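Down below is the structure, laid out as structure tokens.
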Amino acid sequence: MAGMVEQRSIDVVPDAERHGSAFSQLTLWLGANLQITAVVTGALAVVFGGGVLWSLIGLLLGNLLGGAVMALHSAQGPRLGLPQMISSRAQFGVRGAVVPLVLVIVMYVGFFASGSVLAGEAVGELTHLGDTTGIVIFALVTAVTTVVGYRLIHTLGRLASIVCALAFVYLGIRLLERADLTTLLADHSFRLPLFLLAVSLSASWQLAFGPYVADYSRYLPRDTSPRATFWWTLGGSALGSQWSMTFGVLVAATAGGAFLDNQVGYVVGLGGAGLIASFLYFVIALGKLTVNVLNTYGGFMSLVTGIGGFREQRTISPRVRALYIAGIMVAGTAIALVGKDSFLTSFKDFLLFLLTAFTPWSAINLVDYYLIAKERYDLPALSDPHGRYGAWRIGALVVYGIGLLAQLPFLATSFYTGPLVAPLGGTDISWIVGLLVPAVLYWLVARRDTGHVPDRMIRSAEPETRAEATVR
């Protein structure tokens with residue numbers, strides 16, 4: 001077992017340890033999205049008043065737009081060989097990156113908790129031990145899988161992509177035996193606020209993967225095509241999420257309250273009883289295990305990145321790695337146990353809240369990587385607060401803060417509604433503002449200050465290499 005455990009954390013993956021092909025991104029992200037929480041996310045578009053046809057179109061648009069943003073992050077992995085959030089040090093500073101990292105860690109713990117609620121129900125039914133015990137068992141399996149690391153995570157993704165796809169084909173057939181698809185699609189009435197809610201739900205789902213998507217492409221060979229990485233990532237994530245969300249829309253439109261009262265129980269009951277029901281409980285747990293491992297692994301990377309910026313730490317021991325992962329597991333499990341009885345409404349608000357936190361980060365990271373630095377980073381300097389990126393890059397932090405604040409007037413949640421929502425007919429366009437405003441502002445600020453950008457990618461800290469890579 002010890003030989004199987006991944007040794008890398010936030011350090012650069014050497015070329016000798018690179019392996020795989022861009023196709024691995026398809027199976028990983030397909031498996032991560034063919035799962036019950038994505039079904040619930042799609043169902044929310046109908047639960048909150050949308051019609052089937054325009055909900056499906058809105059969800060598709062959001063999955064493509066948000067998926068394109070997260071896939072652009074994925075394409076950074078083979079080039080940098082680093083976890084996603086450590087590249088934020090080039091924009092925010094080695095220590096300044098902790099600002100978005102705090103919100104990222106909250107996201108991971110929140111998704112771990114929300115996923116554990118639904119998976120715990122499945123495990124509880126499968127083992128006949130109840131929801132609470134099911135949540136605990138699921139959390140322990142998640143932690144062990146995360147400790148082993150990258151290779152096992154991709155293996156799990158390949159397994160989930162096949163098993164969950166077969167299960168969703170079967171469930172789709174069963175659903176269409178009950179539902180009149182023509183009737184469900186007959187309502188063509190268009191209501192902009194509900195349409196944009198559907199777009200926001202799926203876009204936020206995709207954008208929430210952004211802070212860790214490159215964690216799972218960073219072991220690909222350095223010469224892996226960025227286009228291939230982009231398209232396989234987008235294909236797997238958009239296809240898997242749209243498939244699950246379409247199923248959720250149709251289930252919610254058909255079942256109504258029966259689905260809302262017990263999402264896991266209804267989906268399994270739709271498939272059948274006996275061995276089929278047991279298999280479907282297993283499928284639900286497998287799908288959630290895949291994505292919860294991603295959340296835990298990403299949370300571990302983010303914690304190490306945040307703390308390492310102050311300790312100038314690049315590597316950690318397997319024991320410390322396990323302690324980080326255990327901490328995330330305990331926090332997420334505690335939240336799941338406390339909040340398991342009020343999941344549906346709180347999850348919708350959680351998704352929309354996450355959108356406000358991560359769209360400005362995505363905008364700044366992508367503008368810097370593709371337009372300012374043009375894929376040229378000094379990798380050793382990402383661990384040196386006294387190096388070219390410094391400890392704090394105030395310009396980026398100010399732009400990030402403005403990006404957060406700019407969304408508030410346009411944000412609509414159950415606990416806060418901005419003053420410009422009503423004049424727009426109740427439409428929530430905060431995610432659009434959160435992408436555009438910081439992207440433009442950061443480009444205007446950063447293009448005047450390119451002294452920290454090297455002439456080429458610097459991978460080694462050797463003196464002669466640094467001498468050759470002079471600062472422009």
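Values for this structure:
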| item | result |
| --- | --- |
| Rounded to 10°, Cα long-axis angle of helix 98-127 versus longest principal axis of the chain | 30 degrees |
| Principal-axis tilt of helix 430-446 within the chain, Cα atoms, nearest 10 degrees | 10 degrees |
| All-pairs Cα distance distribution in the range 201-329, expressed in whole percent, bin size 5 Å | 2, 8, 13, 16, 16, 14, 13, 9, 6, 3, 1, 0 |
| The chain: calculated mean residue ellipticity at 222 nm from DSSP helix runs of at least 4, using -39500 (n - 2.57) | -22500 deg cm²/dmol |
| Cα centroid of the range 417-440 to Cα centroid of the range 382-409, whole Å | 22 Å |
| For the chain: accessible area per residue (Å², 1.4 Å) | 37 Å² |
| Net lengthening on full extension, I307/R174 (0.36 nm per residue, minus Cα-Cα) | 43.0 nm |
| Compactness of the range 7-111, expressed as Rg and Dmax over alpha-carbon positions, Å | 17.4, 53 |
| Loop-exposed GluC sites (Glu not before Pro) per DSSP, neighbour cap 14 Cβ within 10 angstrom, longest uninterrupted part of the chain | 1-311 |
| Per-residue HN-Hα couplings for the range 134-149 [Karplus 6.51, -1.76, 1.60; θ = phi - 60°; Hz; x = Gly/Pro] | x, 4, 5, 4, 4, 5, 5, 5, 4, 5, 4, 4, 5, 4, 4, x |
| Inter-label distance for A165 and R456, nm, one decimal - labels placed 7 Å from Cα along Cα-to-Cβ | 4.1 nm |
| Most to least packed among 131-143, 92-104 [average Cβ atoms within 10 Å] | 92-104, 131-143 |
| Contour minus Cα-Cα distance for V440 and Y370 (0.36 nm per residue) | 23.8 nm |
| Inter-label distance for T155 and L181, nm, one decimal - labels placed 7 Å from Cα along Cα-to-Cβ | 3.8 nm |
| Rough spin-label spacing in nm, given labels placed 7 Å along Cα→Cβ, for L53 and A273 | 3.9 nm |
| Relative contact order [Cα under 8 Å, 6+ residues apart], the chain, whole percent | 29 percent |
| Which labelled figure in (1) 1.09; (2) 1.19; (3) 0.95 is Cα Rg over 2.2 N^0.38 Å, once derived from the coordinates | (3) |
| Cα gyration tensor category, rounded, prolate or oblate, for the range 215-291 with a/c compared to 1.5 | prolate |
| The range 327-449 - Kirkwood radius from inverse mean 1/r over Cα pairs (Å) | 16.7 Å |
| Cα long-axis angle, helix 275-311 against the chain (0 to 90 degrees, to the nearest 10) | 20 degrees |
| Carbon and sulfur %, accessible surface of the chain computed with the full protein complex present, 1.4 Å | 68 percent |
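The values are calculated or read from the model by the stated rules, or taken from the named source; none is laboratory data. All figures in this text were calculated on a predicted structure; none of them were measured in a lab. All Cβ positions, glycine included, derive from the backbone under ideal geometry; neighbour counts span all protein chains shown. The accessibility values were calculated without ligands, DNA or RNA, using every heavy atom of the protein model including side chains. Shrake-Rupley method; radii C 1.70, N 1.55, O 1.52, S 1.80 Å.
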